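To start, the structure itself, in C-alpha coordinates.
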Amino acid sequence: MSSQKKKILFIINGGIASYKSLELIRTLIKKGFEIECILTKNVSKFIKPITFSSLIGKKVHHDLFLLEENSKMSHIELAQNNELIIVIPATANFLGKMANGIADDLASTTIMATKSKVIVAPAMNTGMWENKAVIDNVNKLSKRGITVLSPEVGELACGQFGSGKLVKLELIESYIEEFFKDKS
(Lines give C-alpha, C1' and ligand atoms only; values in the text may rest on other atoms or scores of the structure.)
Protein backbone atom coordinates (compact mmCIF):
# COMPACT_ATOMS: atom_id res chain seq x y z
CA MET A 1 0.00 0.00 0.00
CA SER A 2 1.32 3.44 -0.84
CA SER A 3 1.63 6.29 1.62
CA GLN A 4 -1.82 7.51 0.60
CA LYS A 5 -4.56 7.16 3.16
CA LYS A 6 -6.65 4.02 3.09
CA LYS A 7 -10.14 5.07 1.96
CA ILE A 8 -13.31 3.58 3.42
CA LEU A 9 -16.90 4.50 2.63
CA PHE A 10 -19.36 3.88 5.45
CA ILE A 11 -23.00 3.42 4.49
CA ILE A 12 -24.95 3.96 7.68
CA ASN A 13 -28.48 2.53 7.74
CA GLY A 14 -31.21 3.76 10.06
CA GLY A 15 -31.23 1.13 12.75
CA ILE A 16 -30.79 1.45 16.49
CA ALA A 17 -27.24 0.07 16.16
CA SER A 18 -26.24 3.02 13.95
CA TYR A 19 -24.77 4.79 16.98
CA LYS A 20 -22.10 2.07 17.19
CA SER A 21 -20.73 3.13 13.81
CA LEU A 22 -19.51 6.37 15.41
CA GLU A 23 -17.12 4.49 17.69
CA LEU A 24 -15.75 2.42 14.81
CA ILE A 25 -15.27 5.50 12.62
CA ARG A 26 -13.47 7.32 15.46
CA THR A 27 -11.11 4.37 15.97
CA LEU A 28 -10.32 4.09 12.26
CA ILE A 29 -9.64 7.81 11.89
CA LYS A 30 -7.15 7.58 14.77
CA LYS A 31 -5.44 4.78 12.84
CA GLY A 32 -5.09 6.99 9.75
CA PHE A 33 -7.99 5.83 7.60
CA GLU A 34 -9.80 8.35 5.39
CA ILE A 35 -13.55 8.04 5.90
CA GLU A 36 -16.55 9.11 3.82
CA CYS A 37 -20.14 8.53 4.98
CA ILE A 38 -23.43 8.03 3.22
CA LEU A 39 -26.41 8.25 5.55
CA THR A 40 -29.71 6.68 4.54
CA LYS A 41 -32.83 8.72 5.20
CA ASN A 42 -33.73 7.01 8.49
CA VAL A 43 -30.37 7.51 10.21
CA SER A 44 -31.39 11.01 11.31
CA LYS A 45 -34.17 9.44 13.40
CA PHE A 46 -31.36 8.05 15.59
CA ILE A 47 -28.36 10.38 15.11
CA LYS A 48 -28.09 13.88 13.68
CA PRO A 49 -26.00 14.07 10.47
CA ILE A 50 -23.87 16.82 12.02
CA THR A 51 -22.52 14.23 14.46
CA PHE A 52 -21.03 12.26 11.58
CA SER A 53 -19.82 15.43 9.81
CA SER A 54 -18.07 16.63 12.96
CA LEU A 55 -16.42 13.26 13.48
CA ILE A 56 -15.05 12.87 9.94
CA GLY A 57 -14.32 16.57 9.45
CA LYS A 58 -16.29 16.93 6.23
CA LYS A 59 -19.80 16.77 4.87
CA VAL A 60 -21.71 13.53 4.82
CA HIS A 61 -23.60 12.36 1.75
CA HIS A 62 -27.29 11.60 1.65
CA ASP A 63 -28.92 12.90 -1.53
CA LEU A 64 -28.65 11.05 -4.83
CA PHE A 65 -29.50 14.11 -6.88
CA LEU A 66 -27.00 16.60 -5.47
CA LEU A 67 -24.13 17.24 -7.82
CA GLU A 68 -20.69 17.86 -6.38
CA GLU A 69 -19.18 21.32 -6.82
CA ASN A 70 -17.17 19.98 -9.74
CA SER A 71 -20.37 18.65 -11.40
CA LYS A 72 -19.43 15.01 -10.83
CA MET A 73 -22.15 12.61 -9.82
CA SER A 74 -21.60 11.76 -6.16
CA HIS A 75 -22.63 8.10 -6.33
CA ILE A 76 -20.08 7.40 -9.07
CA GLU A 77 -17.34 9.32 -7.25
CA LEU A 78 -18.10 7.53 -3.99
CA ALA A 79 -18.29 4.14 -5.70
CA GLN A 80 -14.94 4.58 -7.43
CA ASN A 81 -12.87 6.56 -4.92
CA ASN A 82 -13.09 4.26 -1.91
CA GLU A 83 -11.26 0.96 -1.61
CA LEU A 84 -13.69 -0.60 0.85
CA ILE A 85 -17.37 -0.09 1.65
CA ILE A 86 -18.80 -0.94 5.07
CA VAL A 87 -22.59 -1.13 5.52
CA ILE A 88 -23.34 -0.74 9.24
CA PRO A 89 -25.85 -1.57 10.51
CA ALA A 90 -27.17 -3.41 7.48
CA THR A 91 -30.94 -3.43 7.90
CA ALA A 92 -33.24 -6.08 6.43
CA ASN A 93 -34.48 -3.45 3.98
CA PHE A 94 -31.01 -2.52 2.74
CA LEU A 95 -29.93 -6.16 2.44
CA GLY A 96 -33.02 -6.71 0.28
CA LYS A 97 -32.13 -3.73 -1.92
CA MET A 98 -28.57 -4.95 -2.36
CA ALA A 99 -29.58 -8.54 -3.11
CA ASN A 100 -32.26 -7.59 -5.61
CA GLY A 101 -30.56 -4.77 -7.48
CA ILE A 102 -32.76 -1.96 -6.21
CA ALA A 103 -31.04 1.39 -6.60
CA ASP A 104 -33.44 4.09 -5.41
CA ASP A 105 -31.28 6.29 -3.18
CA LEU A 106 -27.65 7.38 -2.89
CA ALA A 107 -26.59 4.42 -0.73
CA SER A 108 -28.09 1.68 -2.92
CA THR A 109 -27.03 3.39 -6.16
CA THR A 110 -23.46 3.66 -4.90
CA ILE A 111 -23.46 -0.05 -4.04
CA MET A 112 -24.69 -0.85 -7.56
CA ALA A 113 -21.91 1.28 -9.12
CA THR A 114 -18.96 0.00 -7.09
CA LYS A 115 -16.30 -2.56 -7.84
CA SER A 116 -14.86 -2.12 -4.35
CA LYS A 117 -14.95 -4.79 -1.66
CA VAL A 118 -18.17 -4.58 0.39
CA ILE A 119 -18.60 -5.77 3.98
CA VAL A 120 -22.04 -5.72 5.59
CA ALA A 121 -22.70 -5.92 9.31
CA PRO A 122 -26.40 -6.74 9.78
CA ALA A 123 -28.35 -5.82 12.89
CA MET A 124 -32.07 -6.40 13.37
CA ASN A 125 -34.71 -8.21 15.39
CA THR A 126 -34.36 -12.01 15.55
CA GLY A 127 -37.63 -12.55 13.67
CA MET A 128 -36.34 -10.41 10.83
CA TRP A 129 -32.87 -12.01 10.79
CA GLU A 130 -34.42 -15.50 10.69
CA ASN A 131 -37.00 -14.56 8.02
CA LYS A 132 -36.66 -16.66 4.86
CA ALA A 133 -36.46 -13.55 2.64
CA VAL A 134 -33.54 -12.15 4.66
CA ILE A 135 -31.80 -15.54 4.66
CA ASP A 136 -32.20 -15.74 0.86
CA ASN A 137 -30.89 -12.19 0.44
CA VAL A 138 -27.85 -12.86 2.63
CA ASN A 139 -27.10 -16.02 0.64
CA LYS A 140 -27.34 -14.07 -2.65
CA LEU A 141 -24.95 -11.43 -1.35
CA SER A 142 -22.46 -14.01 -0.09
CA LYS A 143 -22.48 -15.77 -3.48
CA ARG A 144 -21.62 -12.42 -5.09
CA GLY A 145 -18.52 -12.04 -2.93
CA ILE A 146 -19.94 -9.61 -0.39
CA THR A 147 -18.71 -10.36 3.12
CA VAL A 148 -21.67 -10.70 5.49
CA LEU A 149 -20.71 -10.62 9.17
CA SER A 150 -23.43 -12.62 10.89
CA PRO A 151 -24.98 -10.90 13.88
CA GLU A 152 -24.41 -12.15 17.38
CA VAL A 153 -26.83 -13.65 19.85
CA GLY A 154 -27.69 -11.42 22.76
CA GLU A 155 -30.15 -8.96 24.19
CA LEU A 156 -31.61 -6.83 21.43
CA ALA A 157 -32.81 -3.23 21.53
CA CYS A 158 -36.42 -4.47 21.51
CA GLY A 159 -35.80 -6.30 24.79
CA GLN A 160 -35.83 -9.77 23.26
CA PHE A 161 -32.94 -12.20 23.40
CA GLY A 162 -31.77 -13.84 20.19
CA SER A 163 -29.67 -13.46 17.07
CA GLY A 164 -29.60 -10.11 15.34
CA LYS A 165 -27.22 -8.08 17.50
CA LEU A 166 -24.50 -6.17 15.63
CA VAL A 167 -21.16 -8.03 15.73
CA LYS A 168 -18.48 -6.62 18.00
CA LEU A 169 -16.76 -3.61 16.47
CA GLU A 170 -13.39 -5.27 17.00
CA LEU A 171 -14.41 -8.02 14.57
CA ILE A 172 -15.38 -5.48 11.90
CA GLU A 173 -12.11 -3.65 12.52
CA SER A 174 -10.14 -6.87 12.09
CA TYR A 175 -11.81 -7.53 8.72
CA ILE A 176 -10.92 -3.98 7.65
CA GLU A 177 -7.30 -4.31 8.74
CA GLU A 178 -6.99 -7.70 7.06
CA PHE A 179 -8.37 -6.27 3.81
CA PHE A 180 -5.82 -3.46 3.74
CA LYS A 181 -2.98 -5.75 4.86
CA ASP A 182 -3.70 -8.01 1.87
CA LYS A 183 -3.59 -4.97 -0.45
CA SER A 184 -0.14 -3.83 0.68
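When the residues 136, 182 are ordered by accessible surface, computed with a 1.4 Å probe over the protein chains alone, the sequence from largest down reads 182, 136.
Evaluating 6.51 cos²θ - 1.76 cosθ + 1.60 at θ = phi - 60° for every residue in region 113-125, the Karplus couplings come out as 8, 8, 10, 6, 5, 10, 10, 10, 10, x, 8, 5, 4 Hz, glycine and proline recorded as x. Normalised by the number of residues in region 110-156, the average gap of Cα pairs under 8 Å and 6 or more apart makes the relative contact order 49 percent. Per residue, region 54-184 exposes 52 Å² of accessible surface when a 1.4 Å probe is rolled over the protein heavy atoms with every protein chain present.
Taking amide H as placed 1.01 Å from N in the peptide plane, residue 163 has its amide H under 5 Å from the amide H of 154, each at least 5 places away in sequence or on another chain. Rg/Rh for region 85-184 (Cα atoms only, Rh after Kirkwood) is 0.97.
Dividing the convex hull volume of the alpha carbon atoms of region 94-145 by its residue count gives 78 Å³ per residue. Could you tally the net charge around residue 36, taking each other residue with its Cβ under 10 Å from the Cβ of residue 36, Lys/Arg +1 and Asp/Glu -1? Spelling it out: positives minus negatives among the neighbours equals +1. Taking the 1.4 Å solvent-accessible surface of the chain as the whole, the part contributed by carbon and sulfur is 52%. Measuring max minus min along each principal axis, the C-alpha atoms of the chain give extents of 46, 34, 32 Å (largest first).
Once C-alpha pairs closer than 8 Å and six or more residues apart are averaged by separation and normalised to the residue number of the chain, the relative contact order reads 21 percent.
Computed per residue of the chain from DSSP H runs no shorter than four, each worth -39500 (n - 2.57), the mean residue ellipticity at 222 nm is -12000 deg cm²/dmol.
The values are calculated or read from the model by the stated rules, or taken from the named source; none is laboratory data. Remember, predicted model here, so these are calculated numbers, not experimental data. Neighbour counts run over all protein chains shown; Cβ positions are idealised from the backbone, glycine included. For the accessible areas, the whole protein counts, side chains as well, though only heavy atoms, and no ligand, DNA or RNA atoms are used. Shrake-Rupley method; radii C 1.70, N 1.55, O 1.52, S 1.80 Å.
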